[in-house]
Amino acid sequence: MVRRCLAIAVCFLVPAASLFSFAERPPQAQRKQVPVADEIVRLRTEWAKNLYAKQIDQLATLYAPDAVYLKPSGARVTGRPAIRDVCKKIMDNFTTNITFQSLASDHSGDLAYDSGEYRESLVKLSDKTEADVQGNYVMIFKRQPDGTWLIAEQMWTLVTPSSE
């Protein structure tokens with residue numbers, strides 16, 4: 001009789017256990033995953049939009065907490081607060097409109113990159129002088145533990161027109 005009750009209990013507990021394990025899955029496992037290529041485009045576009053609109057806090061949140069920003073001069077800036085400060089100085093002195101042309105991007109596991117050319121129109125706020133600059137960029141993205149992608153490293157070069 002005990003064996004029979006135990007067998008009946010097992011028959012009910014095994015399916016019930018599988019229901020509980022499904023219900024306990026983290027929300028990101030149940031979320032529809034956005035293709036990495038689409039996420040790269042979204043982050044790059046949002047970065048440019050936030051720079052133009054001078055939305056410093058929104059721009060800073062696109063970076064990982066330990067991100068690295070390499071200026072065209074080669075100077076290394078490390079950490080979200082320091083990168084925020086650099087971007088804030090740019091916003092305080094210029095209105096900038098930047099466009100990107102991606103030439104290569106790919107991903108593997110929790111890392112992705114985007115590399116290409118940029119063109120930027122700058123207006124100096126103090127005297128309204130305008131300048132157009134261009135160069136190359138590389139953005140490296142890292143998937144965070146919650147499944148979101150953030151900029152882990154960003155590098156800029158400045159291309160000066162050659163005299164012909």
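Every number in this text was worked out from the coordinates using simple rules, so none of it is lab data. Computed from a predicted model, the values in this text were never measured in an experiment. Every residue, glycine as well, gets a Cβ built from its backbone with ideal geometry; the counts of neighbours run over all protein chains shown.
For region 34-159, take every pair of Cα atoms, bin their distances at 10 Å starting from 0, and report each bin as a whole percent.
Per 10 Å bin, starting at zero, the Cα-Cα P(r) for region 34-159 comes out as 13, 46, 34, 7, 1 percent.
If you consider only alpha-carbon coordinates, what radius of gyration and Dmax does region 86-145 have, in Å?
15.0, 47
Averaging sequence separations of C-alpha pairs under 8 Å and six or more residues apart, then dividing by the length of region 34-159, give the relative contact order as a whole percent.
Once normalised by length, the contact order is 24 percent.
Exposure proxy check: 139, 91 ranked by fewest other beta carbons within 10 Å?
Lowest to highest Cβ neighbour count: 91, 139.
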